């Protein structure tokens, strides 16, 4: 992932390059594990359970934003509650996804 972010930081977009980046993903690692793996300094947020197991219960801390190059990811990150009509975790897991929606406020 470091190589991909570094490559994007060197690309000319509209006559300029951008060192700032926000990468959001299901990393399959906790924020602590990612901090040890990623060599580019940045902020990793959130570090809360966002994955749902087969029963629809919260299980893993794998969904994070990685804010790089001076980007400020403010307010940590928010976990959006499942919307109706799938507004319970088991219903959401069965009908929509095994990951809850995560939002972050970004300041460049």
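Can you tell me which residue in segment 57-67 is nearest to residue 26 (Cα to Cα), limited to those that are in a loop (DSSP other than H, G, I, E, B) and either within 19 Å of the chain's Cα centre (by Cα) or modelled with pLDDT under 95 (or both)? Show your work before the answer.
So in segment 57-67, the residues in a loop (DSSP other than H, G, I, E, B) come out as 57, 59-62.
If we keep only those that are either within 19 Å of the chain's Cα centre (by Cα) or modelled with pLDDT under 95 (or both) too, we end up with 59-62.
On the way: 59: 13, 60: 10, 61: 9, 62: 6 Å.
Checked segment 57-67; the qualifying residue nearest to residue 26 (Cα to Cα) is 62.
From the list 70, 24, exactly one residue is touching a residue at least 12 places away in the same chain (Cβ under 8 Å), in a loop (DSSP other than H, G, I, E, B) and within 24 Å of residue 8 (Cβ to Cβ). Which is it?
That would be 70, the only listed residue that is touching a residue at least 12 places away in the same chain (Cβ under 8 Å), in a loop (DSSP other than H, G, I, E, B) and within 24 Å of residue 8 (Cβ to Cβ).
Conditions tested, residue by residue: (1) surrounded by 15 or more Cβ atoms within 10 Å (Cβ to Cβ); (2) closer than 22 Å to residue 101 by Cβ.
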position: 15; (1), (2): no, no
position: 21; (1), (2): yes, yes
position: 28; (1), (2): no, yes
position: 41; (1), (2): no, no
position: 45; (1), (2): yes, yes
position: 53; (1), (2): no, yes
position: 61; (1), (2): yes, yes
position: 64; (1), (2): yes, yes
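Please work out which one of (1) at pLDDT below 85; (2) touching a strand residue (DSSP E or B) at 6+ places or on another chain (Cβ under 6 Å); (3) in a loop (DSSP other than H, G, I, E, B) is the condition residue 5 fails and give its number.
(3)
Spot the failing condition for residue 48; the list is (1) in a loop (DSSP other than H, G, I, E, B); (2) over 30 Å from residue 19 (Cα atoms), and only one is missed.
All conditions pass for residue 48, except number (2).
So which residues in segment 73-96 are part of a loop (DSSP other than H, G, I, E, B) and surrounded by 14 or more Cβ atoms within 10 Å (Cβ to Cβ), if there are any at all?
82, 86, 96
The values are calculated or read from the model by the stated rules, or taken from the named source; none is laboratory data. Predicted model, so just to flag it, every value in this text is computed and none were measured. FYI the Cβ positions are ideal-geometry reconstructions off the backbone, even for glycines, and counts take in every protein chain you see.
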